[in-house]
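Right, one structure below, let's go through it.
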Amino acid sequence: MSDVSTLVEQARAGQARAVARLISLVEDDSPELRSVAGLLAPLAGRARVLGLTGPPGVGKSTSTSMLVSAFRARDLRVGVLAIDPSSPFSGGALLGDRIRMHSHTVDAGVFIRSMATRGALGGLATATPQAVRVLDAAGFDVVLVETVGVGQSEVDIVALADTTVVLLAPGMGDGIQAAKAGILEVADVFVVNKADRDGADQTVRDLRHALSLGRRESGPSWRPPIVRTVATTGAGADDLLTALDGHHEWLATHGELEARRIRRAASEIEAIAVASLRARLGGVNGGEALAGLAKRVAAGETDPYTAADQLTGGV
Ligand code: GDP
């Protein structure tokens, strides 16, 4: 316990190694996590949390690096979580891509961490928000969560951010197609990256069209701006920051910042509760209770509702 509080103190004092160790506790689903979470709770809640997603190769890593430079120019401390969903889609390329960001690694105001969460309780859904809390509590002004937008779970993760940025690029015909799988709805800001390439105008038009068809209006309305960038040169970085600031201000003036943070907390609690319930169910007599009930349901001796009640009643 005292070990853990020393770690938290060191992290708040700006020691990158302590921050890294705390995130490892999250990744490993360490038993110490509960006391860590308790210590972090009153310290977090200050950071701006940005989610960045888009299909592989669209320029997420390069754009993240561009944004880090832009925030550093404002003298803000930036924490980056590059989430590797360990999905068959992303293969091994992601981690290699991160290496491009190493120009920032000598900067004490920047912390970059790739996270793979194969083993964690509840996977990414549980681990990512806890890692965000670590960076938030450690005093980073901006926390950037970057992940490949290949599936709904990744979309859900970035959607936990205060502001979600969706990247597209010209010549990726399936970009907007993939984006239809939920991404259009969660985006607060669109970036058409690789604006130096032919087809950027077309991509912007396609996007506008898709938005005019698919956007559902609920609650106070924010119209997501479309920003063009060339992440490799930094062109458009100012426009992107302006769009991000605009959204942040909109959130604050409409009470949405608070509302999003409450939604984020609700899904954190739910993910932890579901995962621990599942772990406990599997653990009841080594899963024997479940196995026994399953046989009885399969044999028609009882129904699955009654069996579920019996199972959960026993935990
Ligand atoms: P990620 O997979 O989404 O993280 O994409 P990366 O950031 O790794 O970028 C994929 C490739 O596109 C790299 O070769 C980048 O150098 C290149 N790239 C990124 N942004 C731009 C851009 O604005 N214009 C051009 N022409 N290439 C870019």
- Item | Qualifying residues in the stretch 1-27 (those that are open to solvent by 60 Å² or more (accessible area, probe 1.4 Å) and of a type in the set (Asp, Glu)) - the one modelled with the highest pLDDT | 9
- Residues that are part of a helix (DSSP H, G or I) and open to solvent by 10 Å² or more (accessible area, probe 1.4 Å), drawn from the stretch 28-39: 33, 34, 35, 37, 38, 39
- Considering each residue of the stretch 247-295, count those that are closer than 23 Å to residue 46 by Cα and among the hydrophobic types (A, V, I, L, M, F, W, C), and give that number. 11
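Yes or no, residue by residue, for (1) of a type in the set (D, E, K, R); (2) in contact with a helix residue (DSSP H, G or I) (Cβ under 7 Å, 6 or more places away or on another chain):
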residue: 225; (1), (2): no, yes
residue: 229; (1), (2): no, yes
residue: 238; (1), (2): yes, no
residue: 247; (1), (2): no, no
residue: 263; (1), (2): yes, no
residue: 269; (1), (2): no, no
- Note on the structure: Scanning the stretch 42-57 residue by residue, the ones that are at pLDDT 90 or above and open to solvent by less than 20 Å² (accessible area, probe 1.4 Å) total 5
- Message: Looking only at residues that are polar (S, T, N, Q) and closer than 25 Å to residue 210 by Cβ in the stretch 223-256, which one is surrounded by the most Cβ atoms within 10 Å (Cβ to Cβ)?
- Response: 229
- Task: Would you please list the contacts, defined by Cβ atoms under 6 Å and residues six or more apart or on different chains, that run from a residue in the stretch 192-215 that is under 18 Å from residue 243 (Cβ atoms) to a residue that is open to solvent by 50 Å² or more (accessible area, probe 1.4 Å) and within 16 Å of the ligand (Cβ to nearest atom)?
- Result: 192/228; 195/228
- Task: Test residue 308 against the criterion of being open to solvent by 70 Å² or more (accessible area, probe 1.4 Å) and hydrophobic (A, V, I, L, M, F, W, C), and give yes or no.
- Result: no
- Considering each residue of the stretch 66-85, count those that are outside any strand (DSSP E or B) and either within 8 Å of the ligand (Cβ to nearest atom) or aliphatic (A, V, I, L, M) (or both), and give that number. 6
- Within the set of pairs 6 or more residues apart or between chains, which connect a residue that is modelled with pLDDT of 95 or more inside the stretch 137-154 to a residue that is part of a loop (DSSP other than H, G, I, E, B) and crowded, with 22+ Cβ neighbours inside 10 Å with Cβ atoms less than 7 Å apart? 140/47; 141/47; 142/47; 143/47
- Looking at the stretch 28-36, is at least one residue in the same structural domain as residue 163 (by TED's automatic domain parsing) and either at pLDDT 80 or above or in contact with an Asp or Glu (Cβ under 7 Å, 6 or more places away or on another chain) (or both)? no
- Message: Going residue by residue through the stretch 268-286, is there one that turns out to be under 22 Å from residue 144 (Cα atoms), β-branched (Val, Ile, Thr) and without any contact (Cβ under 8 Å) to a residue 60 or more places away in the chain?
- Response: yes
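The values are calculated or read from the model by the stated rules, or taken from the named source; none is laboratory data. For clarity, every value in this text was computed on a predicted model and none was experimentally measured. Here the Cβ is made from the backbone with ideal geometry for all residues, glycine too, and neighbour counts use every protein chain on show. What goes into the accessible areas is simple: the full protein's heavy atoms, side chains included, and nothing from ligands, DNA or RNA. Shrake-Rupley method; radii C 1.70, N 1.55, O 1.52, S 1.80 Å.
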